[in-house]
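Accompanying notes for the structure given below.
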Amino acid sequence: MEVLPYDPRWKSRFSEEAEALRVVLGDQCLAVHHIGSTAVEGLAAKPVIDLMPTVKDIHEIDKLNRQFESLGYEVKGENGIPGRRYLQKGGDARTHHVHIYEAGSPEIRRHLAFRDYLRKHPAEAEVYGNLKLQLAAAFPWSIEQYIAGKEAVATSIEKRALAEFGGEKHFMD
């Protein structure tokens, strides 16, 4: 596991993959959002692009598993979050995570609020990024300890983000 300083190439990697997902999703696709730390300029992150397509009917997405696999994705179903379809690409050296939600899912608002809050508050993003760099250095072989180490800070940011952005219908992208 590694956490790297922000890389401006993450934007183009997102755009390229988002276009491939839009093609597979077809008329089910409402939007594809860049989420997670790679979506926040200046934020240190694991170099894995998180994409969040929103769709009309989540149950229709299961019919597209072979097309996702042809793009190199491993299809993981809900993977612990009801109403989500999760895909990952890159095997043990993951390059992309895809979190697909049906329009109206509260998970959409949560992810976008977190991202937009960090975009609006670069000082908090820097503190969060520095913590992630420290944790990755301290626990290079333990994703569990890395996640546990940032959980309280991430939860605190999420609460502030939902208070600030949770009620908005429009999010920056």
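The values are calculated or read from the model by the stated rules, or taken from the named source; none is laboratory data. Source: prediction; values computed, not measured. As a convention, Cβ positions derive from the backbone with ideal geometry for all residues, glycine included, and neighbour counts pool all protein chains shown. Surface areas here come from the heavy atoms of the whole protein model, side chains and all, with no ligands, DNA or RNA. Shrake-Rupley method; radii C 1.70, N 1.55, O 1.52, S 1.80 Å.
Things worth noting here:
- Solvent exposure of the chain, expressed per residue, is 53 Å² of accessible area, with all protein chains present and a 1.4 angstrom probe.
- Carbon/sulfur fraction of accessible area - the stretch 14-54, other protein chains in place, 1.4 Å, %: 48
- Cα→Cβ-extended label distance, 7 Å offset, between ASN79 and ILE143, nm: 0.8
- In the stretch 1-51, the C-alpha radius of gyration followed by the widest Cα-Cα span (Dmax) gives 11.9, 36 angstrom.
- Label-point separation in nm, ASP92 to LYS159, each point 7 Å along Cα→Cβ: 3.9
- Shape category assigned to the stretch 35-173 from the gyration tensor of Cα positions, a/c cut at 1.5: oblate
- Legend: translational diffusion of the stretch 102-145 by Stokes-Einstein, Rh = Kirkwood radius over C-alpha pairs, 25 °C, 0.890 mPa s; D = 200 µm²/s.
- Residue pairs, from the table LYS11/LYS159; LYS11/LYS63; LYS11/LYS46; LYS11/LYS76; LYS11/LYS150, whose Cα atoms sit over 19 Å apart: LYS11/LYS159; LYS11/LYS63; LYS11/LYS76; LYS11/LYS150
- By accessible area, using a 1.4 Å probe on protein heavy atoms only, the stretch 63-164 has 55% of its surface on carbon and sulfur.
- Dipole axis of the stretch 1-147 (+1 Lys, Arg; -1 Asp, Glu on Cβ), positive-most option in LEU112, THR54, LEU30: LEU112
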